[in-house]
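These notes are about the structure you will find just below.
Every number here is computed from the coordinates shown, using simple stated rules; none is lab data. Worth saying up front: this structure is predicted, and the values here are computed from it rather than measured. All Cβ positions, glycine included, derive from the backbone under ideal geometry; neighbour counts span all protein chains shown.
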Amino acid sequence: MSAFVTIDNVSRLFGPNLTTGEKIASRLGAKVETRSVRAVSDVTLSVRKGETLGLVGESGCGKSTLGRVIAGILPPTTGTVTLDGKPVMLNGAKVTTRVQTVFQDPFASLDPRMKVGDTVSEGPIAHGLTTKPEARAYVAGWFERVGLDPVWVDRYPHQFSGGQRQRIAIARALAMQPDVLICDEPVASLDVSIQAQIINLFLELTRDLDLTSVFISHDLSVVQHVSDRVAVMYLGRIVELGPVAQVFGNPAHPYTAALFGSVPKLVLDADELVRFDTIEGEVPSPLSPPSGCYYHPRCPLATQVCSATQPVTQPVSDLRAVACHHFERQMEQGPARSPGAG
Amino acid sequence: MTEPALSVTNLTTHFFTRAGVVKAVDGVSFDLAKGEIMGLVGESGSGKTVTGFSLLGLVDAPGRIVSGSVKLNGTELTTLSDKQLRSRRGREISMIFQDPIATLNPMLTIGQQMRLAIDAHEALSARAAEARAAELLTQVGIPSAKARLRAYPHEFSGGMRQRVAIAIALLHRPSVIVADEPTTALDVSIQAQILYQMRDLAAETGTAMVWISHDLAVVSSLATKLAVMYAGRIVEQGPTATLLRDPRHPYTAGLIASLPAMATPGMPLTQIPGTTPSLLSLPPGCPFAPRCDRVIDACGTEPQMTLVQNRGQNSGQNRGWRCFHPVGQPDEALA
């Protein structure tokens, strides 16, 4: 299957916006923060038509930034994102409606002063997908599609629960009739019993509407459940990529293995408490990342080469790639325990 | 049997709002032995946090503990004056909150804050206080603790801040710590480190803990027993592994079944229909009845806690549930 969304060598930097005075002061040797954070660093990735790509990592790893670059919300500093061969952004502006986003917090992502029906119809009217007189019926159709009662279109966001708001946010994204859906932690702020409802809705919609999607989450069990392939990020770089069962079944990167080992498992079979593996130390500051492989200060397999040279991304098999000098040693250690398997 | 560190009986906390009486905690009872960790699990609005606040007498108006008893090492807490309570908070019972940014004072160094917490209950020399503070920071895994005493909260990462909050909670070796979602805001790798340490600390110091969480997996790897809350009530309680492997209450069973880890990847998850009820307008009878697929006529009246003695591995330990038609086949003898 060929690439549908192509992310080519994308980097995104965030730096201070220096005033002229600060720039002069900096030249003269004053202490002005001029370093920038490479939130996303040389990411090359493709998403195939109809597939769900999971994007996992800890906070600050750049997964949301990458999601926003793919969605055309943030322009990349370097590199390009194309959809079906056409660029998502041109000269810093989004030029397609075929990519839409569902955000994490449905309390912040809906305008509290707009009727939810207007929120959903605003985009489709502006882009000619429906007309003002027909908008009500159009929105009602999408409300039904996501499991909301169409008579609620005249209500305001505060009249809905978190799960219902997330359904509205999904309806807003889908009403633009996108080909690609970027979901940035769509269930992280929901209660456990509501999470399952939204995940089921996501699975049903992506299948029925033949959507291609990028599913960003820190929750490995959710990503494992919904994704076909998964990309693991650490400090802005993708360290491992491959089919979800293979990556989680036998991680090639020590970070993937450690991340997986840190997830608390539901203890069902043992009357003893499990001992979970912990990763030593913390994620380093992205302002001054370590040399070589970013993970080497925390990595149990690290050798001299890891602090000296940044590992290149290399294929593990036809479907998998990893950026690690010692992936063969990691893979010899065999499968990581999967979350929930106990 | 020795006296429990914490004994809660029929704890009831209501909020008297303009819209009506919100029964946030409604008849909660449990015992906690020395060094025991109990997981208090529930969704938002289930009353788990208000239960935690009630234990320390931290419920503010319009909320009030209406009835029930909280006994800490045999002393009744609910009838104490504010002053008497204050002399126990932080010394005999302390709390760790979810958000370490909100609990630490940004204007004071870590050392100054720990000193305040020490001075509140003990007269120690400056040197002794500093030594105690540094010792606790080391114990919770903060490197070069002595130097870090002079740092401000903003100089710490989220995980490190939560460790500081834990160290402060541990300063006076309290017999009970109430931890309200202390790892929810943290990354999994940091969460794992902290869970691991808390388990060791509880075993080492004999501190009993109430660990409040919405995450079944987190508490299952930490707590020896669980209490599941729904709409202000404990609907099921028992030893962790027994309760998770063999849930009796349909809500507990539904929560476990809805976890992605319980399903085949890509297949629909088992879901509990509907949403949690508003505590302002609870239906009469079992609060879970409107969402329950096993509902019968009897559910129109409120079920009481059915307590049974476990046999086999956890013999002697109680488990219980509030349901007229529990899931699974009860094989225990009624107590």
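Let me know the Rg and Dmax you get for region A:107-262 when you use only its Cα atoms, in Å.
17.7, 57
What average count of beta carbons from other chains do you get within 10 Å of the Cβ of residues in B:242-248?
2
Across the residues of A:259-265, average count of Cβ atoms on other protein chains within 10 Å?
Partner-chain Cβ atoms within 10 Å, mean over residues of A:259-265: 6.
On C-alpha positions alone, give me the angle between the axis of helix B:110-119 and the longest principal axis of chain B, in degrees, nearest 10.
Around 80 degrees separate the two axes.
Taking 0.36 nm per residue of separation and subtracting the Cα-Cα distance, what length does fully extending B:Ala123 through B:Thr184 add?
Answer, rounded to one decimal: 18.5 nm.
Which whole-number percentage describes the relative contact order of chain A, with Cα contacts under 8 Å and a sequence gap of 6 or more?
19 percent
Percent relative contact order of region B:1-54, based on C-alpha pairs within less than 8 angstrom and at least six residues apart?
About 35 percent, as a whole number.
List the pair-distance distribution P(r) of chain A, using every Cα-Cα distance, as the percent of pairs falling in each 20 Å bin from 0 up to the bin containing the longest distance, rounded to whole percents.
Histogramming chain A at 20 Å steps yields 28, 54, 18, 0 percent.
What's log10 of I(q)/I(0) for the protein assembly as shown at q = 0.05, 0.09, 0.10 Å⁻¹, Debye sum over Cα points only, no solvent?
Evaluating at q = 0.05, 0.09, 0.10 Å⁻¹ gives log10 I(q)/I(0) of -0.26, -0.87, -1.07.
How would you rank A:Leu203, A:Leu209, A:Leu266, B:Leu104, going from fewest to most other Cβ atoms within 10 Å of each one's own Cβ?
Ranked by crowding around the Cβ, least crowded first: A:Leu209, A:Leu203, B:Leu104, A:Leu266.
Convert 37 °C to kelvin, take the viscosity as 0.692 mPa s, use the Kirkwood radius over C-alpha pairs of region A:101-198 as Rh, and evaluate the Stokes-Einstein diffusion coefficient in µm²/s, rounded to a whole number.
It diffuses with D of about 246 µm²/s by this estimate.
Per DSSP H run of at least 4 residues, take -39500 (n - 2.57); add these up for chain B, divide by its residues and hand me the 222 nm value, nearest 500 deg cm²/dmol.
Counting only the DSSP helices, I get -8000 deg cm²/dmol.
Counting other C-beta atoms within 10 Å, which of A:His296, A:His127, B:His121 has the fewest, and how do the rest follow?
A:His127, B:His121, A:His296
Work out how far the C-alpha atoms of region B:264-304 reach from end to end along every principal axis, then list the three figures in whole Å, largest first.
39, 23, 15
So how do A:Arg48, A:Arg35 line up by other beta-carbon neighbours within 10 Å, fewest first?
Result, fewest neighbours first: A:Arg35, A:Arg48.
Restricting to bridges with both residues inside chain B, how much of the DSSP beta-bridge set is antiparallel, in percent to the nearest 5?
Given both bridge residues lie in chain B, the antiparallel proportion sits at roughly 65 percent.
Just counting partner chain Cβ atoms within 10 Å, what average do the residues of peptide B:233-241 show around their Cβ?
Mean number of neighbouring Cβ atoms from other chains: 2.
Which entries of B:Lys23/B:Lys71; A:Lys86/A:Lys132; A:Lys265/B:Lys146; A:Lys49/A:Lys94; B:Lys71/B:Lys225; A:Lys63/A:Lys265 have Cα-Cα distances beyond 26 Å here?
Distance filter (> 26 Å) returns A:Lys86/A:Lys132; A:Lys265/B:Lys146.
So what's the angle, to the nearest 10 degrees on a 0 to 90 scale, between helix A:116-126 and the longest Cα principal axis of chain A?
90 degrees
Contact order normalised by length for region A:80-164, with contacts defined as Cα pairs under 8 Å and 6 or more residues apart; what percent is it?
27 percent
Quick check on packing: order B:251-260, A:299-308 by the mean number of other C-beta atoms within 10 Å, highest mean leading.
Packing proxy ranking, top to bottom: B:251-260, A:299-308.
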